[in-house]
Amino acid sequence: MYRFLIIVATFLSAFLLFMIQPLYAKWLLPYFGGTSSVWTISIFFYSITLLLGYLYAALLISWRINQAFWVHLSLLAVAGVLLFTRFQETGSALLQPAIETFSPVWSILLTLCFAVGLPVLLLASTSVLAQYLYTRVTTKDPYPLYAVSNAGSLLGLLSYPIFFEPFTNVSTQASRWTFGFGLFALVFIIVWNMVRRLQNSTPRESVDRTQKILTNRFQIVLLAAVPTFFLASMTELLSQGIASFPLLWVVPLALYLISFIIAFNERTRLRLLSISSLLTFPLTFALLGLLPIMNTSALVYGLTFFVSMMFFFSLSVYFHRRLFDVRPGVKYLGKFYVWLTVGGALGSGVVGMVLPLVLNSQIEVILSVAAVALFLTKKELFNKTSIFKNHFSNIQQSVLQDILTIAAVVFLMVTVYVGFTVDSQRNFYGVLQIKDEVSIIDGEEYTIRSLINGATNHGSQVLSPEYEHKPRSYYGEDSGIGIAVGHASLPTNDVRLAVVGLGAGIMSTYCAGLQSIDYYEINPAVVDVAYDRFTYLDFCLEKTDIVLGDGRLSLEKAAADHNEKYDVIMIDAFTDDAIPVHLLTNEAFVRAYEPMLAEDGVLAFHVSNRYLNLLPPIAGLANANGYEILEVFYRPENNSGADLPSHWVLFARPEVILKLESYERTKRYSGKQFLWTDENNSVLNVLSFKGSSSGRE
C-alpha cells in the first residue's frame, strides 16, 4: 500500500506539473503579442522552480521526518488557498502591474511566480520527497520512480492539447487543474503520515549503489544543459511562420521526457549511447541543409520539423543516458537532482535570457547543430563501443573523421551566409533583418529594401525618389487594404485609419486621403527600424501617431477613453507569418474593434499565410456579430519583388459589403466557419498545407 500510494503521488505531481506549463503559457500569450518567446521564458521559469523545489526537498530530507511533514502540510494548504483565490476568473491570476511596468521577460517571470510559483515548487519537490519516503519502506532502488515521474509528465503534456484545449475553455482547465492539485496534496499527505508512523522508518540504501558518491557536478550540469538548450532554441525556431500554440510546444518537450524514460531504464544496454550518437550523424547534416529553406513551403517545413525532432530526440537520449551512467547512490539523490536541474535551467536560461542580448540573429540552432556534429565525430564515431570500431583501420578512421569534420564546417559556412543583410536586430519579439536586393522595374535596375521578421517579408521600399512614395509589398492600391482605404476616402477624402502592426510604415503612402493614421506596434525595434531604415513615415509625419503596445489592448484602452472612431482598422500584426490568435477572438472584436469602428467602417484583416487558413474564425466572428466578409486576392503582374501576392479579408456591415463587392478581385466567402473566444480557441483548427490559399475556389 505504501509503495502504491507513493507511486500515485509521484505520478499525479508530475502530471500536474507539466499540464500547467502549456495551460498557463497559453493564458499569457495575449498579453505579450502571441510571441513564441512566452513559451521560452516559461520553460526557464519552470526549470528554475524545479531547481528550487529540489533544494527545498533536499532541505526537508535533512530534517526530522515529523518536522518536515508539518512544514510541507502547511505549505500545501497555503498553495491550495492561493490557487482557489487566483483562478476564480480569467485574468485574476495575472500580475497586471508587472505586465505594465517591467520588460516582457521580467513581466512573464513575475506573473508566473505570482500565479503558480508556490504550487509548482511543491509539485517539483515531490519526486525527491517521494523517493525519500520510498527508501523508508523498501530496499528496492528508488530510481525507477523517476521513470514514473516522466510518464506522468508525458501524459500531462499530451493530455492538454489533445483532451483539454480543444474541448474546454481556459477557466475550466484551470479549475480542473486546481482540483487535481487538491487530490494530489491529499494522497501525498496521507502516505507521508503513514510512513512517518512506521517503526524504524529510516532510509535504506540499495545494496549495489552504496559506494558511488557524487563527485562530478560540472559534468552533470553540462550533460543536463545541452538537451534543454536544444529544447528551448528549437521550439522557438520552429514556431516561426506558424504561430505559438500548445501542440508545437508539447511535441519537443514530450520527446525530451521520453528520452529520459528510455535513458533512465536499468534494462537499457550500454549500446544505447552508440546507437543514439550514430543516428544523430545523418540527422545533423540533413538538418543543416533543411534549416535555411524551412519556410519555403508547408511540405519543406513539415520535413524540417520531423528531422529536427528526430535529431533532438536522439541527442537527448545520448546525453540523458550519459547522465544515468554518472548517477550516484541513493544517499546523494537529492544533490544529484539539484545539479541536474541547474543544468536544465542553464540551458533554457541561455536561450531565453542571454542570447537575445548577445546575438542579433537566431543562429544558435545552426551553430549548435554543427558543434554536435563535430563533437560526435571526435567522441563517439569510433570509440570502443561503436559498431564501426572493428570495420575500419586506424588510418581509415582518421580520414573519415576528417572528412566529416570538413563537411560540418562547409555546411555551417553555407548555412550562415546572410547575403545582402544591411542590419539585424533581435529582442524578445524575434529577429528583424533589413535586406537589400537589386531587381528590374520597368527595364531598369533598382535596389529594393525589405523588412524581414523571421522568414517573412513585412514590407519593402524601392530606394529611388521615383518609386519610394508608392505603396508596395502587400499594400498596393489594388490590394484589399487599398480597396478599403480607397472606398472610405470617396465621400470626404478624410479617412481616419488605424493600423495594428507598423512594419515598414507603408500605409503612410496613403497620406493624401487621410485625416490621421494611428499605428499600434508592440515591438519597439520595429519602430526604430521604420524610422531609421525606411522613409515611408516621413511622408505623413504631421498626421501620424505611433502607440507602443499590444494592438488589441491599446484599442481597448482607446475605446474605454471614448476616442474618436476609425473609418478603417487594418489588422496586420504578424508574428513572422501568422496573426496572433488573440486578435481574432470574439472578445477582441467586441471590446476593441467594434467600439472603435465607424458605422460604415471597414475592418481589414491581412491573412496571407503559408500554413494557416484564418478565414473560418474570421467568418465565424462576422456571423456572430451581424457582419459579413469579402475576400480580396491580389497577384502582381510583374515579379520584381517590389509588389507581393496578398490575401485580405474585408469585414463590414452588410450594406457596406454590398458596395465593396463591386470592386474587382473581391468575392464572397462561403466556406466553413467557427467562433474563437479568448478561452476556447485552437490553431489546430486552421492548420492547412495550402495556407491562406485554401480559401480559394
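The values are calculated or read from the model by the stated rules, or taken from the named source; none is laboratory data. Only a predicted model underlies this, so the values are computations on that prediction, with no experimental measurement involved. A quick note on method: Cβ atoms are made from the backbone with ideal geometry, for glycine too, and the neighbour counts reach across all protein chains shown. In case anyone asks, the SASA skips ligands and DNA or RNA and just uses the protein heavy atoms, side chains included. Shrake-Rupley method; radii C 1.70, N 1.55, O 1.52, S 1.80 Å.
A few comments on the model shown:
- Any hit, region 435-458, residues being touching a Pro at 6+ places or on another chain (Cβ under 6 Å) and open to solvent by 20 Å² or more (accessible area, probe 1.4 Å): no
Per-residue answers, yes or no, for (1) over 18 Å from Trp648 (Cα atoms); (2) within 29 Å of the chain's Cα centre (by Cα); (3) in contact (Cβ under 8 Å) with a residue 24 or more places away in the chain:
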position: Glu521; (1), (2), (3): yes, yes, yes
position: Val526; (1), (2), (3): yes, yes, yes
position: Phe539; (1), (2), (3): yes, no, yes
position: Thr544; (1), (2), (3): yes, no, yes
position: Gly551; (1), (2), (3): yes, yes, yes
position: Pro580; (1), (2), (3): no, yes, yes
position: Leu584; (1), (2), (3): no, yes, yes
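- Residues that are over 30 Å from Arg449 (Cβ atoms) and assigned to a loop (DSSP other than H, G, I, E, B) within region 630-662 comprise Arg653, Glu661, Ser662, listed in sequence order.
- Selected residue (criterion: surrounded by the most Cβ atoms within 10 Å (Cβ to Cβ)) from residues of region 638-697 that are on the phi > 0 side of the Ramachandran plot and at pLDDT below 85: Gly691
- Number of positions in region 287-329 that are polar (S, T, N, Q), open to solvent by 30 Å² or more (accessible area, probe 1.4 Å) and touching a residue at least 60 places away in the same chain (Cβ under 8 Å): 1
- Condition check for Val632: open to solvent by less than 10 Å² (accessible area, probe 1.4 Å) and touching a residue at least 40 places away in the same chain (Cβ under 8 Å): yes
- Extreme residue, farthest from Gly549 (Cα to Cα), among residues of region 27-76 that are of a type outside the set (Phe, Trp, Tyr) and free of Cβ contacts under 8 Å to residues at least 12 places away in the same chain: Arg64
This table checks each residue for (1) assigned to a helix (DSSP H, G or I); (2) at pLDDT 85 or above; (3) open to solvent by 10 Å² or more (accessible area, probe 1.4 Å); (4) not aromatic (Phe, Trp, Tyr).
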| position | (1), (2), (3), (4) |
| --- | --- |
| Ser171 | yes, no, yes, yes |
| Ser175 | yes, yes, yes, yes |
| Phe179 | yes, yes, yes, no |
| Leu198 | no, no, yes, yes |
| Thr202 | no, no, yes, yes |
| Glu205 | no, no, yes, yes |
| Leu214 | no, no, yes, yes |
| Val221 | yes, yes, yes, yes |
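- For region 347-374, a residue qualifies if it is crowded, with 22+ Cβ neighbours inside 10 Å, modelled with pLDDT of 85 or more and not small (Gly, Ala, Ser), and exactly one does: Val351.
- Test: residue in region 563-578 that is within 28 Å of Pro246 (Cβ to Cβ), modelled with pLDDT of 90 or more, assigned to a strand (DSSP E or B) and open to solvent by less than 10 Å² (accessible area, probe 1.4 Å): yes
- Tally of residues being open to solvent by 20 Å² or more (accessible area, probe 1.4 Å), outside any loop (DSSP other than H, G, I, E, B) and under 20 Å from Ile657 (Cα atoms) across region 467-510: 4
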